[in-house]
Amino acid sequence: MRTTVWLGLALAFAGHAGASEVTIKNDSLTDFGSAAIVWGFVSGEMAGSWLTSPCDGNLVAVQIFWRSPSGTSADVIGNAIHIYRSGSFPNPGAEAQTIGGPVLQDNALNEWRYLDDNNTLPLSVPVTMNETLVVAFEFADPPQAGVDPSVVRDTDGNTSGRNTIYADLGTSFAWFDSATLGVNGDWVIRAVVNCTTVSTNADVSVAMSATPTAYTAGSALQYTIVVANAGPASSPNTTLVDTFPGALQSPTWTCSSSGGATCPAGGSGNIIGSTSLPSGGQVTFTVDGTVAPGTTGTLTNSMTAVVNSPATDPSGTNNTATLDLEAATSDVIFANGFDGAPAALRPVAARATGRTPRQDSSFRRKRE
């Protein structure tokens, strides 16, 4: 039978969490809060907490509050502290690590960061965000009720699916939900996770080209636009905007992706929407339209990619691509006194930035 005594406790910390570390727990015990000591354990039985990591990283420490009614008892050596992967509650999964022979100080939140007494083998269990692990303390000797120190629970209820006991109820050892054995609070058994610092920098760039490289009024024109993420972080919420020039009639587009990126298969009109770009991912838009008859001057098109939270772009100078196209001009060949037709069209190359005066056509007479 589990027996308890209620106490007002002042937490004494034997360890601490570093700047990038997060303490994960189920209990609500605070300094000078109320708690209850739980006895009734025999050798080999365990009290276990199911704890969920808030991040990717490594479990680097475990903590257990240990208390007697007097708070002045001698140190106690336990059998072990076991760290298990999650299983099917109340049964944990595979054992990930074990701390053998932990020494517990009375009236303290004891912390262990090493696997050995010489503090040479650090505790480190890889975890992923939202992964649940089980930290369980195994008793070596039965604590005497009302006298000896033991594990402690809080006093505001037992969180469902979070507290277990490995117990011998007369037939064999098995795992139980602690609430079914009369434990009406959460174990003050905690873990410390060192969250891995992950870069949020996503270097997203836009590139654009056109076919042909100089437009002809009334003829077809195709743009190819590539939006890529050089990383190192992903950019899951990237806004793309391309408002096509008014002279590009009835634009339609298709989109292909690679490297885990996403985009719509196709559409018509301007490109305005979002895409997800993992590091190394890219999307490619192929845009087809017709240049309106009578169009003259420079035809300008721009695509902009906006990197939104949680990512940030360390180099915003390559997030917009602008392409200026000039009209194709003719290299006219005259023969027999102005009686020949234009022999060829000489395209003027597209310019990604800046503008220069249009080149004049050159004329020559064919020698008779």
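Every number here is computed from the coordinates shown, using simple stated rules; none is lab data. Bear in mind the structure is a predicted one, so any value in this text is a computation, not a measurement. Neighbour counts run over all protein chains shown; Cβ positions are idealised from the backbone, glycine included.
Observations, loosely collected:
- Cα centroid separation - segment 145-165 against segment 199-215, whole Å: 60
- Inter-part distance where segment 37-61 and segment 277-317 are each reduced to a Cα centre, Å: 52
- Summed side-chain charge close to residue 61 - residues other than residue 61 whose Cβ falls under 14 Å, Lys, Arg +1, Asp, Glu -1: +1
- One equal scatterer on each Cα of segment 28-134, no solvent, Debye formula: the resulting log10 I(q)/I(0) at q = 0.13, 0.22, 0.24 Å⁻¹ is -0.55, -1.40, -1.47.
- Normalised alpha carbon radius of gyration of segment 202-327 [divisor 2.2 N^0.38 Å]: 1.07
- Kirkwood-based Rg to Rh ratio, segment 115-180, C-alpha trace: 1.01
- Highest to lowest packing among 252-258, 228-234, 35-41, scored as the average C-beta count within 10 Å: 35-41, 228-234, 252-258
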